[in-house]
Amino acid sequence: MYDLIVVGGGPAGLAAACSAWEKGLKQILIIERDKELGGILNQCIHNGFGLHRFKEELTGPEYAGRFIDMLRDTGVQVMLDTMVLEINRDHQVHVISAANGYQVLEARSIVLAMGCRERTRGAIGIPGDRPAGVFTAGSAQRYLNMEGYMVGKRVVILGSGDIGLIMARRLTLEGAQVLACVELMPYSGGLMRNIVQCLEDWGIPLYLSHTITDIVAKDGRVSHVTVHKLDDNRQPIPGTNLEFDCDTVLLSVGLIPENELTRAAGIEMDPRTNGAVVYENMETSIPGIFACGNVVHVHDLVDYVSAESERAGAAAAAYVSGTAPEGGTIDIRNGADVSYTVPQRLRPGNVPKAADIFFRVRRVFKDSVIEVSADGAPLVTYKREHMAPGEMEHILLPRKLLDTVDASEITVTAKEA
Amino acid sequence: MVRELVCIVCPKGCRLHVDEDNNYSVTGNSCPRGAEYGHHEIKNPTRVLTSTVRLDGGLYRRCPVKTDRAVPKGKLMDIMAALNDVSLQSPVAAGQVVLANVCDTGANVIVTKSL
Ligand SMILES: Cc1cc2nc3c(=O)[nH]c(=O)nc-3n(C[C@H](O)[C@H](O)[C@H](O)COP(=O)(O)OP(=O)(O)OC[C@H]3O[C@@H](n4cnc5c(N)ncnc54)[C@H](O)[C@@H]3O)c2cc1C
Ligand code: SF4
């Protein structure tokens, strides 16, 4: 019997395991389906990770390396090349691997840290042929940065999320011509820094409010794409077509938390995040099962993944040692222009000094406030000079304030100041 | 000439104006960090370069590397060309120098992952 089984050995799983160890758990196991620890960071060879956490700019592998080194100094056990197939409410973990076959492991607590996967072309349905040469940006990143395959010579990128932007620069450096980055929305989902350093540095045009309307194949490979400008209802405007001869299309159209295990276990899900509903300590609706990192909601900064996961690991340790949360529960509702919050529920009695609430806004805001209210009366406001859907926001709700709340729910709203 | 650019130091994204004929002085910034960024970015833009080099005998065929400091933007493609000739044998350790003073930039190219 393990004290804790962590599913997934990315930054979330690593941080959760380390913090549970620090809090005194001894029998900890990380299960990872890949050949090594580090998760998606192994393919993110660019820098910009760790500014919050380590006060310096690290590359993805360097950031993961710091945590893998920390883990080495603990007694945490690791199973690589092993896939978790099922977990259940009795804390059983079904796994399979070439080395050990099928096994059922038991644990006092479980942390889910499976990360997310990329939306694929099928999920958004582009018209046209279905040839070779269409990749998600993340698969192209893995091919190029780890396996050593160049994915194409003339590339059009659909979606301006950070992974797509990073790949635009990466492919350019490796000698490909990136003809355009095409974005459906009137703003980019990526960081300004990436727009400047990955597109503008290399003269790659960004077409906002545009999309790919046709993919043409020749001999089974992409040979041409058509791009149209969109009207306010996101319909292609006739006559605005741009034509590109290219051999490759990369899709950077978003990430989806990987929650098959979570759903099958009967854990309550939040349709807004596509992740589990969690409490202040990252506990799911099944006691003793916690979730953290991209499997809960898509983060843009790995630094926040680590912080959140340390909370999950510490909470698993508290659960195993028998400290049960007491008192009532407050639901957190989304007010105007807030698309979700994590956590979705708070148990004030279980909040240390303050509860960290993460959320995203639905549109771009200048000089605005975030308001937390109960029964229509404001409890507290936070000023923000700038907010955008692409940038995760967070606020700290002090325990002292939460203790004064009588209502069974509070609402988080974003609005102009 | 006055050049226009967006400050990327924080999410506010101030629009900076940098006067090339007036010692690259900056206006439009809301804080000193923006002035420094604008000045530097127009006068002498630099970047940290990250890429991969060939690796034999390791878990993967590519080993990630980076320049250990920012290098002039104009040198990035020269450094990429220099990296094409590098071939490493596993094991390598993070921090290990692959190319010293690459393309006379004063920067070293170092390994970023032990493989
Ligand atoms: C392609 C891509 C590129 C990204 N680029 C950046 C970037 O440039 N900068 C940035 O800050 N963030 C980036 N992100 C976000 C990044 O994923 C997060 O910051 C961080 O890696 C999330 O950590 P995690 O541990 O939650 O997930 P991951 O790093 O995805 O780790 C999850 C781990 O769980 C394992 N796993 C999943 N299911 C199972 C199972 N059933 N059994 C066993 N193991 C399992 C996976 O193999 C993986 O190793 C990127 C994400 C993706 C998908
Ligand atoms: S000038 Fe200062 S406030 Fe404005 S974007 Fe730059 S760092 Fe932010």
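The values are calculated or read from the model by the stated rules, or taken from the named source; none is laboratory data. Just so it is clear, the structure is predicted and the values come from calculations on it, not from any experiment. Using ideal geometry, Cβ is built from the backbone for each residue, glycine included, and neighbour counts are taken over all protein chains shown. Calculation scope for accessible area: heavy atoms of the full protein, side chains included, ligands and nucleic acids excluded. Shrake-Rupley method; radii C 1.70, N 1.55, O 1.52, S 1.80 Å.
The residues of segment A:157-188 that are within 16 Å of ligand 1 (Cβ to nearest atom) and not in a helix (DSSP H, G or I), listed by number, are A:Ile157, A:Leu158, A:Gly159, A:Ser160, A:Gly161, A:Cys181, A:Ser188. If you go through segment A:137-156 and keep only what is touching a residue at least 12 places away in the same chain (Cβ under 8 Å) and touching a helix residue (DSSP H, G or I) at 6+ places or on another chain (Cβ under 8 Å), you end up with A:Ala137, A:Gly138, A:Ala140, A:Gln141, A:Arg142, A:Leu144, A:Asn145, A:Met146, A:Met150, A:Val151, A:Gly152, A:Val155. Exactly one residue out of A:Glu310, A:Glu268, A:Glu243, A:Glu258 is surrounded by fewer than 19 Cβ atoms within 10 Å (Cβ to Cβ) and closer than 30 Å to A:Pro348 by Cβ, and it is A:Glu268. In the set (1) open to solvent by 40 Å² or more (accessible area, probe 1.4 Å); (2) within 16 Å of ligand 2 (Cβ to nearest atom), the condition left unmet by A:Val196 is number (1). Taking residues in segment A:381-409 that are under 19 Å from A:Arg345 (Cβ atoms) and open to solvent by 20 Å² or more (accessible area, probe 1.4 Å), and partners anywhere that are of a type in the set (Gly, Ala, Ser) and at pLDDT 90 or above, the pairs with Cβ atoms closer than 7 Å and at least 6 places apart or on different chains are A:Leu396/A:Ala354; A:Pro398/A:Ala354; A:Arg399/A:Ala354; A:Val405/A:Ala374. Screening B:Asp21 against (1) farther than 21 Å from A:Leu191 by Cβ; (2) within 13 Å of another protein chain (Cβ to nearest Cβ) leaves a single unmet condition, (2).
Considering B:Ala70, B:Ala81, B:Ala93, which residue is within 12 Å of chain A (Cβ to nearest Cβ), free of Cβ contacts under 8 Å to residues at least 12 places away in the same chain and open to solvent by less than 60 Å² (accessible area, probe 1.4 Å)? Quick ask: steps written out before the conclusion?
Working: B:Ala70 fails: free of Cβ contacts under 8 Å to residues at least 12 places away in the same chain; B:Ala93 fails: free of Cβ contacts under 8 Å to residues at least 12 places away in the same chain.
On inspection, the qualifying residue turns out to be B:Ala81.
Residues in segment A:66-105 that are loosely packed, with under 12 Cβ neighbours inside 10 Å and of a type outside the set (Phe, Trp, Tyr): A:Asp69, A:Arg72, A:Asp73, A:Gly75, A:Asp90, A:Ala98, A:Ala99, A:Asn100, A:Gly101, A:Val104.
When you look at A:Arg66, is it under 30 Å from B:Thr50 (Cα atoms), part of a helix (DSSP H, G or I) and of a type in the set (Lys, Arg), yes or no?
Numbers: under 30 Å from B:Thr50 (Cα atoms): yes; part of a helix (DSSP H, G or I): yes; of a type in the set (Lys, Arg): yes.
When the stated conditions are applied, A:Arg66 passes them.
What is the one condition in (1) touching a helix residue (DSSP H, G or I) at 6+ places or on another chain (Cβ under 9 Å); (2) crowded, with 16+ Cβ neighbours inside 10 Å; (3) at pLDDT 90 or above that B:Ile8 does not satisfy? Against the list (1) touching a helix residue (DSSP H, G or I) at 6+ places or on another chain (Cβ under 9 Å); (2) crowded, with 16+ Cβ neighbours inside 10 Å; (3) at pLDDT 90 or above, B:Ile8 comes up short only on (3).
Can you find a residue that is in a loop (DSSP other than H, G, I, E, B), closer than 17 Å to A:Gly48 by Cβ and away from ligand 2 (no atom under 16 Å from the Cβ) anywhere in segment B:49-68?
yes
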